[in-house]
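One structure is given here, and the rest of the page talks about it.
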Amino acid sequence: MITKSILIIDDEDDIREVAQLTLEAIRGWQVLIAESGEEGLVIAQVEKPNAILLDVMMPDMDGVTTFKKLKANNLTCEIPVIFLTAKVQPAEKRRFLELGVKGVIAKPFDPMALSDQVTEILGW
């Protein structure tokens, strides 16, 4: 079985750490991390992960802008993206899904449920 790889793009150290530990421990996935949208774009292009967990609110380049740049790049346009966000009002969630993200996971998330949420959203 081939190990799945997930790229987490989030500016918060604790979110990245908790998500990485959880996904590695529970599912055995390889987890790549980026602290910014810019760094995430480079890692996604080089590593081509199976999926990306992307924070919506980040300084410099927010998650929506990062997502649009991922979709505009032939090397990363096919990678499924799940938004991580505290903005989970129905209208906001609908707007995110209309952009083409695969799903939205609310922050703060339950670390023990995170891998199940990712698996369900992506149909893994």
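Observations on the model:
- Taken over region 48-71, the criterion of being under 21 Å from Trp124 (Cα atoms) and either exposed (fewer than 15 other Cβ atoms within 10 Å of the Cβ) or β-branched (Val, Ile, Thr) (or both) is satisfied by Lys48, Ile52.
- Residues located in region 73-103, provided they are over 23 Å from Lys48 (Cβ atoms) and aliphatic (A, V, I, L, M): Ala86, Val88, Ala91, Leu97
- Residues of region 12-44 satisfying the condition of being of a type outside the set (Val, Ile, Thr), in contact (Cβ under 8 Å) with a residue 40 or more places away in the chain and buried (at least 19 other Cβ atoms within 10 Å of the Cβ): Ala19, Leu23, Trp29
- Residue pairs whose Cβ atoms lie under 7 Å apart, separated by 6 or more positions or on different chains, with the first residue in region 100-124 and without any contact (Cβ under 8 Å) to a residue 60 or more places away in the chain and the second among the β-branched types (Val, Ile, Thr) and in a loop (DSSP other than H, G, I, E, B), are Val104/Val88; Ala106/Val88.
- Verdict on Phe83 being touching a residue at least 24 places away in the same chain (Cβ under 8 Å), in contact with a helix residue (DSSP H, G or I) (Cβ under 9 Å, 6 or more places away or on another chain) and outside any strand (DSSP E or B): no
- Across region 86-121, the number of residues qualifying as in a loop (DSSP other than H, G, I, E, B) and hydrophobic (A, V, I, L, M, F, W, C) comes to 4.
- Extreme residue, nearest to Glu47 (Cα to Cα), among residues of region 17-34 that are touching a strand residue (DSSP E or B) at 6+ places or on another chain (Cβ under 8 Å) and not in a strand (DSSP E or B): Trp29
- Count - residues of region 110-124 that are buried (at least 18 other Cβ atoms within 10 Å of the Cβ) and either touching a helix residue (DSSP H, G or I) at 6+ places or on another chain (Cβ under 7 Å) or farther than 16 Å from Asp55 by Cα (or both): 2
Readers should treat all values here as calculations from the given coordinates under stated rules, not as data from a laboratory. Values in this document were obtained by computation on a predicted structure and should not be read as measured data. Reconstructed Cβ throughout: ideal geometry from the backbone, glycine too, with neighbour counts over all protein chains shown.
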